[in-house]
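One structure is given below, encoded as structure tokens.
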Amino acid sequence: MKNRLYVLSFFLIQSLSVSFAQVTKDELAIRGVLEGHSRACLDADVTKAISYYARSPYVATAFDEPGYGRGYEAMTALYKKEFANGQKSLDKLTATTYRFRIVNNTAFVTYIEVYTKPDGTVSKVHKANYLEKEQGQWKIIGNFWIPEKTP
């Protein structure tokens, strides 16, 4: 009886650790997508920025104002227009206060991006993203943000 209890406890602990590791793995992968996308935008690398999105009619994004078209094609056209000048930003990017809600192959994530200009000026952007896992890879479906107002 004691041996069965030990074996059962061992398998229970192993299964719990695998469950927690999977969440951590997904969170790290999602962070990689979100931060990679932001860095691609800072580099004005349109092709790379677009690569983080799902090829879906449900894709939605917002820049400074509402009213942009939805869907992969509309988002692609928007990015090409927005980054047409190809000018890279020298801002340093950090991301903080991630909060994840992962359910199966979908995730909702909120976080804050902090941009530091070469002169030391800091600005913050509050972001909310919706992602879906496609063929084992996390892809952005919704990408929305609001700049933090400075006093």
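General remarks:
- Sequence of ASP91, ASP43 from largest to smallest accessible area, 1.4 Å probe: ASP43, ASP91
- Cross-link partners of LYS25 among aspartates and glutamates (Cα-Cα below 16 Å; sequence separation of 8 or more within a chain): GLU35, GLU132, GLU134
- Here the stretch 104-122 and the stretch 28-101 have alpha carbon centers that stand 12 Å from each other.
- Rolling a 1.4 angstrom probe over the protein heavy atoms with all chains in place gives the stretch 19-151 an accessible area of 63 Å² per residue.
- Taking all protein chains together, GLU113, GLU148 sort by accessible area into GLU148, GLU113, largest first [probe 1.4 Å].
The values are calculated or read from the model by the stated rules, or taken from the named source; none is laboratory data. The model shown is predicted, which means the values in this text are computed figures rather than measured ones. Quick note on the areas: whole protein, heavy atoms, side chains included, nothing else; ligands and nucleic acids left out. Shrake-Rupley method; radii C 1.70, N 1.55, O 1.52, S 1.80 Å.
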